[in-house]
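Chemist: Dropping a structure here in structure tokens format, bear with me for questions.
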Amino acid sequence: MLEELKEEEIVNKVGGRFKLSTLIQKRLVQLNRGSRPLVDNPSGNKMEIVLQEILQDKIFLSASGELAVIGEQDEGDLLDMDSLEL
């Protein structure tokens, strides 16, 4: 699971280690508050879920540093996950 964090691919995808840790932290908070995972993960391990969401380009940090996700309803739409009520 944490092998992904050792790879430079995920660090480069997000734009650096600081941005990666910020993205992981923000998404873990959402999942802990009951947000629905965007990927299938039978183990239910939240860290694995977040890493897979990043690797599958489901979530990212917006230019303003907010957590965003590619919208499911309208392909290509961006949703600001930080502004959603949980």
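Chemist: Kindly provide the set of residues from segment 46-72 that are assigned to a loop (DSSP other than H, G, I, E, B), of a type in the set (S, T, N, Q) and surrounded by 12 or more Cβ atoms within 10 Å (Cβ to Cβ), ordered by number.
Modeler: 62
Let's see how each residue does on (1) hydroxyl-bearing (Ser, Thr, Tyr); (2) touching a helix residue (DSSP H, G or I) at 6+ places or on another chain (Cβ under 7 Å); (3) at pLDDT 95 or above; (4) assigned to a helix (DSSP H, G or I):
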| site | (1), (2), (3), (4) |
| --- | --- |
| 1 | no, yes, no, no |
| 4 | no, yes, no, yes |
| 10 | no, yes, no, yes |
| 13 | no, yes, no, yes |
| 25 | no, no, yes, yes |
| 35 | yes, no, no, no |
| 40 | no, no, no, no |
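Chemist: For segment 15-64, which positions are of a type in the set (Lys, Arg) and within 16 Å of residue 3 (Cα to Cα)?
Modeler: Passing the criteria: 17, 46.
Chemist: Restricting to segment 12-45, and then to whatever is of a type in the set (Lys, Arg) and under 9 Å from the mean Cα position of the chain (by Cα), can you tell me which residue is surrounded by the fewest Cβ atoms within 10 Å (Cβ to Cβ)?
Modeler: In this case the residue turns out to be 26.
The values are calculated or read from the model by the stated rules, or taken from the named source; none is laboratory data. The model shown is predicted, which means the values in this text are computed figures rather than measured ones. Methodologically, a virtual Cβ is constructed for each residue, glycine included, from the backbone with ideal geometry; neighbour enumeration extends over all protein chains shown.
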